[in-house]
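Quick notes on the structure that follows.
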Amino acid sequence: MKNDNHIWLLLASLLCSVPVAQAHHSFAMFDFEKVAQIEGVVREMRFAAPHVWLYVTVNDPANGRAVEYGIEGAAPNTLLRAGWKRDSIRAGDRVKVTIHPLRTGEPGGSLMAISVNGRELGNAP
Amino acid sequence: MRISAVNIFPWAAALAVALFPVFVPAGEAQPDKPLQFSAGDSLDDLGPRPAAKPAAASSLPRGADGKPDLTGIWFAGIRDFVTLDDRRIEIPLTPDYAAARARRVQAMDEGKPLPDYVSTCQAFGMPRIMSYGVMEFVHRPQQLWVISEVMHEVRRIYLDGKPHGDWQESTFGGISTGRWEGDTLVVDTRKLRPGFMSMTGIPYSDHMVVNERIRMVNRDAIENEMTLTDPVALTKPWKVVQRYGRKEAGYEIGEYICNEYNVSGGSPADVDPHKDLPASALSSGAP
């Protein structure tokens with residue numbers, strides 16, 4: 001990323017209260033110091049326990065190649081209680097997703113916020 | 001491709017984080033109403049803490065046996081056993097067990113957390129089940145059932161004064177028997193398998209005995225003073241105070257089939273107490 005982005009990433013991490021990493025497994029594979037936003041088309045939404053998974057095809061602006069992101073979200077029950085439905089996100093939907101990226105740099109992350117076809121979908125409260 | 005090459009919108013990211021200041025990846029969200037503890041008795045604080053101040057005994061709901069009725073849906077606050085934050089707590093581990101934990105903490109810091117019984121959707125076991133997310137207590141004079149939403153795990157606490165589990169080998173949850181001392185339910189749990197009682201991998205052996213003193217602080221709050229005794233993993237008994245807040249009326253437990261699509265927690269075959277824990281963790285000795 002460009003250097004001038006660092007200040008905003010810092011600001012983002014300062015604004016972010018300490019992540020409440022209450023999951024059935026450690027989320028240490030994700031870098032909670034970093035925030036990234038991706039935009040793409042949903043290939044598959046797995047609305048399933050223990051955590052939902054969203055697979056998004058993103059065109060890399062650098063070379064135009066398609067890259068698939070695997071994004072792990074909260075537990076289905078947590079999202080349902082926050083107002084999601086099983087079909088709130090469907091294959092073919094255009095999504096903007098804010099994530100904590102994988103530490104390895106591979107395309108993936110943990111879900112922070114998402115808009116689906118231009119509409120914000122509330123995350124776990 | 002590296003993630004840094006992705007189109008990052010710094011303003012949008014900062015804004016998004018501001019709009020979603022607390023992210024709860026899974027398990028269960030924060031309680032929906034303030035919890036009824038006295039000032040300074042936060043549900044969420046960490047580490048050693050004083051006992052909460054109880055309400056008048058006459059204000060507690062009571063069952064047919066006249067004892068406080070613990071029935072209800074509760075949210076486990078305080079995350080001594082659960083979060084990454086437990087690194088801040090001083091735990092009296094013996095050197096071998098401190099080393100076993102350090103290996104897991106290091107793996108986490110490297111972004112490659114090692115699997116455990118919970119990440120692989122097997123079981124919380126004791127004492128971890130008592131520290132995680134939403135659970136329903138069904139209290140009858142003969143038994144108290146603790147039903148966890150996340151793993152569908154049921155813990156039975158026998159209250160009938162009879163011996164139980166003689167025929168059983170060590171299990172994740174062990175055998176729990178309880179008795180009342182006034183309005184305090186005193187529970188002993190034995191015959192545990194060795195494992196890790198937290199996400200950061202606080203290890204314990206099959207010698208561990210868990211003693212709980214469970215009491216209602218008021219209608220909407222329960223406090224559980226847990227004393228963990230483990231002659232090989234701990235240098236001295238370790239005391240943890242766990243608290244539970246009642247969920248609002250109408251709150252329901254949902255289905256949670258952990259293995260429906262567990263792609264990031266690892267495989268049960270990857271969890272091997274012989275490999276992951278000191279040999280002393282198993283009474284049967286080294287593998």
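The values are calculated or read from the model by the stated rules, or taken from the named source; none is laboratory data. Small disclaimer: the values here were computed from a predicted structure and weren't measured. Glycine also receives a Cβ, built like all others from the backbone with ideal geometry; neighbour counts cover every protein chain displayed.
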*Of the residues that make up segment B:136-155, is at least one within 16 Å of the chain's Cα centre (by Cα), crowded, with 21+ Cβ neighbours inside 10 Å and among the hydroxyl-bearing types (Ser, Thr, Tyr)?*
yes
*How many residues are under 25 Å from B:CYS121 (Cβ atoms) and more than 14 Å from the chain's Cα centre (by Cα) when one looks only at segment A:48-86?*
12
*Hey, does segment A:113-122 have a residue that's modelled with pLDDT of 95 or more and either outside any strand (DSSP E or B) or facing chain B (nearest Cβ under 8 Å) (or both)?*
no
*Restricting the search to segment A:50-65, which residues are within 30 Å of B:ASN259 (Cβ to Cβ) and hydrophobic (A, V, I, L, M, F, W, C)?*
A:VAL52, A:TRP53, A:LEU54, A:VAL56, A:VAL58
*Being within 14 Å of another protein chain (Cβ to nearest Cβ) and among the aromatic types (Phe, Trp, Tyr) is the filter here, so list the residues in segment B:144-164 that pass it.*
none
*Can B:THR177 be described as assigned to a strand (DSSP E or B), over 15 Å from the mean Cα position of the chain (by Cα) and either among the aromatic types (Phe, Trp, Tyr) or within 30 Å of B:ALA279 (Cβ to Cβ) (or both)?*
yes
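Okay, residues lined up against (1) part of a loop (DSSP other than H, G, I, E, B); (2) modelled with pLDDT of 95 or more; (3) on the phi > 0 side of the Ramachandran plot; (4) more than 14 Å from chain A (Cβ to nearest Cβ):
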| site | (1), (2), (3), (4) |
| --- | --- |
| B:THR200 | yes, no, no, no |
| B:VAL210 | no, yes, no, yes |
| B:GLU223 | no, no, no, yes |
| B:MET226 | no, no, no, yes |
| B:VAL232 | yes, yes, no, yes |
| B:ARG243 | no, no, no, yes |
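Of everything in segment B:257-287, what is in contact with a His (Cβ under 6 Å, 6 or more places away or on another chain) and either within 14 Å of another protein chain (Cβ to nearest Cβ) or of a type in the set (Gly, Ala, Ser) (or both)? Give them in sequence order.
Correct list: B:GLY265 only.
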*State the number of residues belonging to segment A:99-111 that are within 12 Å of A:LEU54 (Cβ to Cβ) and touching a residue at least 60 places away in the same chain (Cβ under 8 Å).*
3
*Sort through B:ASP206, B:ASP230, B:ASP220 and tell me the only one that's touching a residue at least 24 places away in the same chain (Cβ under 8 Å) and touching a Pro at 6+ places or on another chain (Cβ under 7 Å).*
B:ASP206
_As an exercise: evaluate B:MET108 against (1) surrounded by fewer than 19 Cβ atoms within 10 Å (Cβ to Cβ); (2) facing another protein chain (nearest Cβ under 9 Å); (3) not in a loop (DSSP other than H, G, I, E, B) and give the number of the one condition it does not meet._
(1)
*Does B:TYR117 count as modelled with pLDDT of 95 or more, buried (at least 19 other Cβ atoms within 10 Å of the Cβ) and farther than 17 Å from B:VAL210 by Cα?*
no
*If you scan segment B:253-263, which residues turn out to be over 20 Å from the mean Cα position of the chain (by Cα) and in contact (Cβ under 8 Å) with a residue 24 or more places away in the chain?*
B:ASN262
*asked:* Being surrounded by fewer than 24 Cβ atoms within 10 Å (Cβ to Cβ) and facing chain B (nearest Cβ under 7 Å) narrows it down to one residue among A:ARG103, A:ARG90; which is it?
replied: A:ARG103
